[in-house]
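Below you'll find the structure, written out as structure tokens, and then a few comments.
Each value in this text was obtained by applying a stated rule to the coordinates, not by laboratory testing. In this text, all values refer to a predicted model and were calculated from it rather than measured experimentally. Here the Cβ is made from the backbone with ideal geometry for all residues, glycine too, and neighbour counts use every protein chain on show.
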Amino acid sequence: MSKVISISREFGSGGREIGYRLAKKLGIPFYDKEIISMAAEDSNISEEIFHANDEVIGHKERIDYQYAVIDPFSSTYEVPVSDQLFVIQSRIIKKMASLGPCVIIGRCSDVIVEDSFSVFICSSLKKRVERLLSLEQDETVDVKKMEARIRTIDQKRRDYYQYYSGNEWGKPKNYDLCLNSGRLGIQKCVDIVSRMVSLT
């Protein structure tokens, strides 16, 4: 297995857990929030700023990161913070990918690492609500609140992905493999991705 595996996911579908288990099974590095820590260290920008702008877009005018070859902190250019952070994270993702096979969660990694094996994990709203409520341990969060939270986060991820990639988030033709974790289960998804990657 010589490819980077990029996993995009609907909120609550278990995409992160699938990625973590997959990396462990294949014996390769796993990157999710770790990218923020590395980007913060690399750029001398606080992690709090990265977390506040994580998968957030700054304005409606789309800037293609492939053309952001300018110094993002140059006073000559007025580049929104979210765009600056995207360029920095992209640099970190490319660096991690250059070191060998790994699993990367979200952050347009399927577009940034052009030859990655891209996976999209989805599930029904009902299954995602059930999963998140079982993990939440907060009795004040009911089904309606969780549904609203899921829709909000999914919309944020959709906007971020489409803004920086120009592709439609969750559309099957944009990925090598799409799996419904609600029907298949977490471990079955891990096994399927592992098998498919071994064939590429």
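Key figures for this structure:
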item	result
Under-5 Å amide H pairs with residue 117, H placed in peptide plane, nonlocal only	4, 5, 6
Using a Förster distance of 22 Å, the FRET efficiency for residue 180-residue 33 (Cβ separation, nearest 0.05)	0.30
Lysine pairs meeting the criterion (Cα under 18 Å, 8 or more apart or interchain), as found in region 72-200	7
